[in-house]
Each structure stands twice: as C-alpha cells, then as structure tokens.
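One structure is given below, encoded as structure tokens.
The values are calculated or read from the model by the stated rules, or taken from the named source; none is laboratory data. Keep in mind that this is a model prediction, so the values were computed, not measured. Note: ideal-geometry Cβ built from the backbone for every residue, glycine included; neighbour counts use all protein chains shown.
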Amino acid sequence: MNRREFLLVGGASLAALHSGRAFSQSHRGALLSEAAREDLPLLFGTDYYPDQTPEHLWEEDAAAMAAAGVTNVRIAEFAWALMEPEEGHFDFRWLERAIGILHAHGIAIILGTPSAAPPNWLSQKYPEVLEVNDQGVTLSPGSRRFTCPTNKTYRHLSLTIATQMAQKFASTPGVIGWQIDNEFTLGSSGRCYCKYCRAGFQEWLRAKYKSLDTINQLWGTVFWSNTYTDFDQIPVPLPSGAPPNPGLALDYDRYQSYANVSFMEEQLAMLRKQCPSHFITTNNVGLVDTIDMRDLYRNLDFAAYDNYPGFFAMSAGDGTDIPSQALVPTIALGHDLMRCARDGKPFLVMEEQSGKAGQPVFSPQPEPGQIRLWSYQAVAHGAMGINYFRWDTTNFGAEEYWHGMLRHDRSHSPAFDEMLQTFRELKSLGPDALHAPCEASIALCYDLASSWALSIQPGQPKLRYLNEIISWYGAVRATQAGVDLVPATQDLSRYKVLCAPVMYVVSAQQAETIRRFVEGGGVFIAGFRLGVKDEHSRIVDTPLPGLLRDVMGVELLDDQPLYSEKQGVSFTGPLTGPAAPCHIWADILEPQKTEVLATYTEGAYAGKAAITANSFGKGKAVYLGAHLEPADLGRVLGIFLASAGIKPIAAVKTGVEVTRRSAGGRTWTYLLNHSSAPQTVSIEGVYRDALKRSPISGAIGLEPYGVRVLMQG
Ligand code: GAL
Ligand code: ZN
C-alpha cells in the first residue's frame with residue numbers, strides 16, 4: 001500500500017471511529033503497523049484525566065467526547081500513585097476500565113508514562129532521587145518534575161512502572177501510542193546539580209575526551225589552579241566564589257541534555273520491544289534550552305508540542321519578557337522549532353490551550369476565534385493534529401485554574417463550540433494537507449551551543465540568545481517566507497538564505513557548512529558576536545570572526561558592549577534610509593575588499609563599518625555588526641532578503657501571517673489574522689477555499705482572528 005492509499009484507508013478508518021464504531025484490531029493493524037508510523041491517523045483530541053475524575057462520570061465524558069468529534073485522548077501521565085500505590089504493587093484495573101469505556105465510544109488512547117510525577121512512597125523511601133537545583137538546594141517533593149535525570153534508582157523505578165504499563169496495554173484495543181514522561185527538564189531550575197549528576201558528568205567526560213590532559217588543555221584549567229589530576233575532582237557548576245570555567249559550564253549543559261535524553265531512551269527501547277505497533281513520542285515546549293530537541297526526538301516517531309500562547313501574552317503584559325509585537329512570531333517560532341526537531345516532519349500538538357491558562361495566576365480568556373486561530377497557526381507551521389488541554393477543569397490541585405473544554409461545573413467552556421468547529425474543519429482538510437511539508441526558503445541558525453555559551457557569558461547582561469532569535473525570526477517572517485531552524489551542520493543548499501544571529505560558537509563543521517553554502521550561491525547573513533568561540537568555549541586565537549573571516553571579508557577592529565553610551569548607525573547604498581540607534585552591542589568592522597553598507601555615527605568609532613556585504617564564491621556574506629531595534633532590523637533584513645530573491649506569498653499588514661504547505665503538486669496556503677480588526681489580503685492566482693469549498697482569488701477578506709485556507713493544484 002502506498003502512502004496515499006494508506007492515508008485514504010487511515011481516513012476511512014478514522015471516519016468509522018467518529019461514527020461510533022469501535023476501533024477494532026483490524027483498524028489498529030492497518031493504521032499502526034511499522035510502516036504506518038510515517039502515516040498516522042488524524043489526531044484531534046483532548047488531554048483527559050480519568051484518574052482525577054469520579055468513575056461515575058467516565059461514561060458521560062466519553063459519550064460527550066465522541067459527540068464532540070474527539071478522535072483520541074492522552075491519559076495517565078500523572079497517575080503513578082494510582083498505578084503503583086506501593087512499590088512493586090501494580091493496579092491497572094481502573095485504567096483498564098477507563099480505556100474500555102473510551103474505546104467503546106470510538107476514542108483512541110495515547111498513554112503517558114508517569115515518570116514526571118513520582119509518588120510520595122518513592123521520594124520517602126529514596127530521597128536520593130530528588131533534584132538539586134543550581135543553588136545547591138535539594139528540591140522538595142510535593143509537586144512534579146523534582147527528580148534527578150541521572151539517579152539510577154529513579155530511572156529504574158520509572159522504567160519499571162513504564163514496563164508494567166506497556167506489558168499490560170500492548171494489545172489493549174484502543175491504545176495507539178505513547179507519550180514518554182511529560183515535558184523533560186521543564187521544572188524550576190531545568191537542570192540537576194546533585195552528586196549523581198556529578199558522577200554521571202565525570203563518566204560522560206571520560207567517554208567524550210578519554211584523557212584528563214585533553215580536558216585540562218581544552219578548558220584551560222591552568223587558570224585559577226583548576227588543573228584536574230583525577231576525574232573525581234571535576235565539579236558541577238554550583239556557586240563557587242566566582243564564575244565557573246566556561247568550557248566546563250558548556251559541557252555541563254550538554255551533559256544535562258544528554259542525561260534527560262538517555263533517560264527517555266531507556267523507556268523508548270522498552271516500549272519499542274513491548275509495543276511494536278504503537279507510535280511513541282514525548283511532549284515538550286519548543287522554546288526551552290535545557291534539552292536539545294533534535295537529540296530528544298531523533299529516535300521517536302514524531303515530535304509533540306505543548307502550545308500555550310496565553311503564557312506569552314501574560315509575560316508580555318508586564319513588559320518583562322517577550323515584547324508584545326513579538327508575540328505572534330514567538331508562538332510561530334515554537335512551532336517551527338518542533339517541526340525542525342525532526343527536519344520538517346509534521347508534529348503533534350499534544351496540548352493546546354483551550355481557555356484561561358495558568359496556575360496561581362491565569363491568562364485572560366482568549367478572544368472569540370483565537371483558539372481556532374492558534375490551532376490553525378500550529379497546522380500552518382506543520383502540525384498534523386491537535387489535542388486540547390484539557391477536557392475538564394479540575395476543582396482541586398495545583399492546576400485548578402487551568403481552564404479546559406468544560407468548566408468547573410462541567411458545563412461547556414466559552415470556546416467549546418469553537419473547538420468543535422476547529423476539529424470538524426481540520427479533519428475536513430484531510431491527511432494529505434495535514435502531512436504536507438511546509439515550504440521554507442530561509443534557514444535560521446538555531447544552535448544550543450551558542451545559546452548555552454552566551455547565557456554562561458552574555459557579555460552584556462541584556463544580550464540573550466532567545467531574544468535575538470525571536471527578533472530575527474520576527475523580522476524574517478515579516479516577509480511571510482517559510483523559515484526552517486537549523487543547526488548549520490548539514491547541507492544547506494536547498495535554502496536561498498541562512499541567517500545567524502549571535503552565532504557566538506562556530507565549530508569547524510559549521511564553518512565548513514557555511515563556507516560551502518556561500519560558495520555555492522547562498523546568502524549568509526550573520527549578526528554580531530559571530531565565531532567568537534569554538535565548541536569547547538575557547539575564544540579563537542585569530543582575528544574575529546575567526547573561522548569565517550574570509551567568507552565574511554571583514555576583521556573586527558573591536559567589539560563593544562553598550563550600556564548608557566549613545567551609538568547609532570547610518571545607512572548607505574541599498575540600505576539607504578533613516579539612521580538607527582544601536583544599543584546593547586556593536587562589532588566594529590574593518591572591511592577587506594568588502595562593500596560597506598552602514599557605519600557607526602558616534603564616539604571613537606564614528607565612520608567605521610557597522611554592516612558589510614562580501615561576495616564569496618557564487619554567494620554573498622553579510623555581517624550585521626550593530627544590534628538594531630526590531631523595526632530597523634526588519635527593514636534591513638527585508639532589503640537583503642528581497643535582493644536574495646525571497647518573494648512574499650502575499651503582501652500583508654502586521655498581524656497577518658501567511659504560510660504554505662505543499663505535497664504532490666498541491667499547495668495549501670494559510671492566511672491567519674492575529675489582529676482584532678478585519679483584514680484584506682491580496683494574493684496572486686486562483687485558489688479554492690479549502691473550508692468553504694468554493695473558488696477564491698484577488699482581495700481576500702479575513703475576519704478578526706479569522707483564518708482562510710487556500711488550495712491550489
Ligand atoms: C503543560 C503540562 C501539563 C499542564 C499544562 C498546564 O506544560 O504538560 O501537564 O501542566 O502545561 O500547566
Ligand atoms: Zn542529579
């Protein structure tokens with residue numbers, strides 16, 4: 001059966017599910033065979049907690065879900081204490097009954113393994129499993145995600161309960177897949193600094209570097225008499241009177257990511273063996289730098305993502321974190337990161353905000369239309385399915401204020417009908433649309449080594465990797481061209497442009513990849529702080545930008561953190577336009593045979609180059625030495641992107657997003673209005689409105705928070 005035929009069968013089987021027919025063994029076989037991992041059923045569901053719901057309500061819930069068009073639930077990821085009330089005593093009877101009821105209503109089940117929330121008997125008996133935070137404080141049990149990823153007891157007990165679940169439910173009708181754990185590293189400090197992690201780190205270093213001499217040399221431990229004569233002496237970066245060795249600190253971030261991934265992989269290997277016909281994934285939020293998403297998802301079937309735009313809105317509200325104009329691109333960036341964690345493969349939204357979101361404080365109710373819009377935004381950026389978090393709203397526990405599809409009194413939430421409409425519409429788009437790759441002609445380098453090294457030594461306290469990524473991503477997405485997030489270690493020839501804000505760490509492999517990309521005709525646009533460090537966090541001993549000096553055609557005269565001093569940039573040639581302020585950082589460039597497109601206006605470096613463009617091979621390398629405000633950055637990047645041949649799919653106003661997915665000669669163009677005002681989008685070509693199933697062209701109207709899906713081919 002080829003992919004297309006499979007999808008048709010898959011679609012038909014799911015349709016049978018919705019009409020209330022049981023999800024029979026034969027459907028499971030057809031949908032979830034080894035080959036089917038690539039071609040999943042439609043997944044439009046909800047996160048459900050039978051463990052937190054009186055049993056007499058399960059039937060009513062399942063019937064209501066079926067009536068709502070829910071295809072699947074994700075359950076049990078926090079139910080360890082119920083499944084193993086005492087060490088070694090397992091009780092899955094309640095879960096079997098819950099699964100039986102859901103399955104009888106045609107609802108498929110994704111099971112969560114429960115390691116994110118260990119029961120109290122475990123932390124009481126084995127207090128050594130508790131995480132130690134970055135201040136050396138041992139976390140208290142009583143919440144979740146308070147455990148150490150290295151500790152063998154915790155890992156063993158986690159694997160044991162997961163194995164018991166897998167053995168119990170490997171061939172239970174209705175069960176289709178697994179979520180391992182829940183949001184690795186998303187606890188208060190994100191990393192553990194306990195004695196087990198220290199020993200694990202030492203072991204990891206031994207495997208990586210083989211000898212202490214190498215470590216001493218690469219980290220420069222001669223500084224402050226840090227020379228190690230025994231692996232056991234190597235510490236973790238806990239407070240120690242002064243900042244840690246940057247090479248050690250960078251490797252520790254790598255180790256913690258590795259420890260979590262290897263913990264996940266233990267459960268994965270077991271599940272592959274026990275449940276060969278089930279898909280396996282784990283959920284996360286994209287914009288965290290405590291775990292490398294590419295490593296995490298490498299051996300899983302697809303990436304899964306938890307999307308809570310309300311959180312961003314809350315932090316934007318008090319101006320402390322993400323500025324509000326960055327909100328839409330920030331949400332989009334999260335989606336693109338998850339898509340790119342598996343090199344473009346469609347991902348599942350395992351949890352999507354369905355109402356007011358929060359714990360002690362909570363976000364406003366999304367505006368009418370906004371939940372549907374956010375769901376479409378996920379699909380527009382590569383999602384293949386959506387689960388709304390959560391079905392009901394609990395009356396107890398730390399997330400009493402996390403509003404689900406039902407209210408506290410179990411009546412419908414304000415957006416209930418909107419979510420049902422979204423299910424109906426997205427299902428009607430069909431599997432071809434939901435599995436189609438996203439088009440992207442621009443790559444944005446997103447590399448955790450730079451993120452980690454820069455948070456260890458920001459240079460200027462306001463310089464944050466993620467903020468730079470967000471403002472560059474926002475500026476680039478303003479052209480409406482598709483963007484892939486790449487580590488710049490693999491061939492980039494399918495892209496026209498590679499952007500690299502604060503690529504502070506450049507490895508030899510990355511330098512080579514970038515060199516080949518530009519030689520072959522690509523446009524490379526780098527920001528300040530390019531190539532300062534190698535992958536061991538040593539500063540290069542050549543003039544900056546180090547390994548990329550010849551590609552960029554510049555050497556740095558100086559690099560300057562900016563505080564209260566005034567600096568500005570004046571533009572010339574193709575960039576001609578109003579002068580712009582420069583805050584936070586200025587790399588002062590000395591052009592070789594390079595075109596100068598902007599110069600600094602103030603102080604000792606007035607008149608020196610701030611932006612240059614170099615022809616190299618068949619391509620071009622642009623150095624943006626000055627930190628620019630988002631609007632100026634947008635103008636400047638827009639000019640470079642246009643000259644690199646990046647054409648907008650449609651010209652739109654701020655607040656409107658356009659993306660395109662395509663497969664088999666067919667395209668789906670998503671128009672998303674994130675604003676509270678109606679908008680019009682002019683787009684070339686004749687399309688079919690995929691939702692209304694009618695022809696459409698020219699000036700296309702979008703309601704406030706409205707969505708259109710245009711089909712061609
Ligand atoms: C997610 C998490 C859920 C729930 C939700 C609301 O990040 O996976 O378990 O906590 O947020 O806080
Ligand atoms: Zn630990």
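The table for this structure:
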| read-out | value |
| --- | --- |
| Sole exception among (1) of a type outside the set (A, V, I, L, M); (2) without any contact (Cβ under 8 Å) to a residue 60 or more places away in the chain; (3) crowded, with 24+ Cβ neighbours inside 10 Å for residue 524, by number | (2) |
| Unmet requirement for residue 477, which otherwise passes all of (1) basic (Lys, Arg); (2) under 30 Å from residue 215 (Cβ atoms); (3) in contact with a helix residue (DSSP H, G or I) (Cβ under 6 Å, 6 or more places away or on another chain) | (2) |
| Condition check for residue 422: surrounded by 19 or more Cβ atoms within 10 Å (Cβ to Cβ) and either touching a Cys at 6+ places or on another chain (Cβ under 9 Å) or at pLDDT 95 or above (or both) | yes |
| Count - residues of region 598-646 that are more than 28 Å from the chain's Cα centre (by Cα), among the aromatic types (Phe, Trp, Tyr) and surrounded by 23 or more Cβ atoms within 10 Å (Cβ to Cβ) | 1 |
| Any hit, region 407-428, residues being assigned to a strand (DSSP E or B) and within 16 Å of ligand 1 (Cβ to nearest atom) | no |
| Lone unmet requirement of (1) crowded, with 24+ Cβ neighbours inside 10 Å; (2) under 27 Å from the mean Cα position of the chain (by Cα) for residue 548 | (2) |
| Boolean, residue 369 is under 25 Å from residue 292 (Cβ atoms), more than 16 Å from ligand 1 (Cβ to nearest atom), surrounded by fewer than 19 Cβ atoms within 10 Å (Cβ to Cβ) and at pLDDT 95 or above | no |
| Matching entry among 59, 77 (being touching a residue at least 12 places away in the same chain (Cβ under 8 Å), assigned to a loop (DSSP other than H, G, I, E, B) and away from ligand 2 (no atom under 16 Å from the Cβ)) | 77 |
| Every residue from region 137-180 that is within 16 Å of ligand 1 (Cβ to nearest atom) and buried (at least 23 other Cβ atoms within 10 Å of the Cβ) | 147, 178, 179, 180 |
| Which listed residue is surrounded by 14 or more Cβ atoms within 10 Å (Cβ to Cβ), within 16 Å of ligand 1 (Cβ to nearest atom), among the small types (Gly, Ala, Ser) and in the same structural domain as residue 61 (by TED's automatic domain parsing), from 98, 117 | 117 |
| Looking only at region 372-397, and only at residues there that are polar (S, T, N, Q) and farther than 25 Å from residue 340 by Cβ, the one that is surrounded by the most Cβ atoms within 10 Å (Cβ to Cβ) | 393 |
| Residue 605 in contact with a helix residue (DSSP H, G or I) (Cβ under 8 Å, 6 or more places away or on another chain) and at pLDDT 95 or above | no |
| Contacts under 6 angstrom Cβ, first residue in region 679-695 being at negative phi, partner of a type in the set (Gly, Ala, Ser), 6 or more apart | 680/699; 680/701; 681/650; 682/699; 683/650; 686/697 |
| Qualifying residue in region 655-664 (condition: surrounded by fewer than 17 Cβ atoms within 10 Å (Cβ to Cβ) and free of Cβ contacts under 8 Å to residues at least 60 places away in the same chain) | no |
| Verdict on residue 341 being touching a residue at least 60 places away in the same chain (Cβ under 8 Å) and away from ligand 1 (no atom under 16 Å from the Cβ) | no |
| Leading residue by the ranking (farthest from the chain's Cα centre (by Cα)) among those in region 93-127 that are part of a loop (DSSP other than H, G, I, E, B) and closer than 25 Å to residue 146 by Cβ | 126 |
| Elements of type helices (runs of 4 or more DSSP H) in region 189-299, at least 1 residues being in contact (Cβ under 8 Å) with a residue 40 or more places away in the chain, surrounded by 16 or more Cβ atoms within 10 Å (Cβ to Cβ) and away from ligand 2 (no atom under 16 Å from the Cβ) | 212-219, 246-274, 293-297 |
| Given (1) without any contact (Cβ under 8 Å) to a residue 40 or more places away in the chain; (2) within 15 Å of residue 127 (Cα to Cα); (3) not small (Gly, Ala, Ser), index of the condition residue 148 fails | (1) |
| Residues of region 147-188 satisfying the condition of being within 12 Å of ligand 2 (Cβ to nearest atom) and in contact with a strand residue (DSSP E or B) (Cβ under 6 Å, 6 or more places away or on another chain) | 154 |
| Qualifying position, being under 28 Å from the mean Cα position of the chain (by Cα) and of a type in the set (Gly, Ala, Ser), among 225, 257 | 257 |
| Residue under evaluation residue 688, criteria (1) surrounded by 13 or more Cβ atoms within 10 Å (Cβ to Cβ); (2) under 28 Å from residue 495 (Cα atoms), criterion not met | (2) |
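Residues checked against (1) within 16 Å of ligand 1 (Cβ to nearest atom); (2) under 31 Å from the mean Cα position of the chain (by Cα):
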site	(1), (2)
52	yes, yes
57	no, no
65	no, yes
69	no, yes
75	yes, yes
85	no, no
129	no, yes
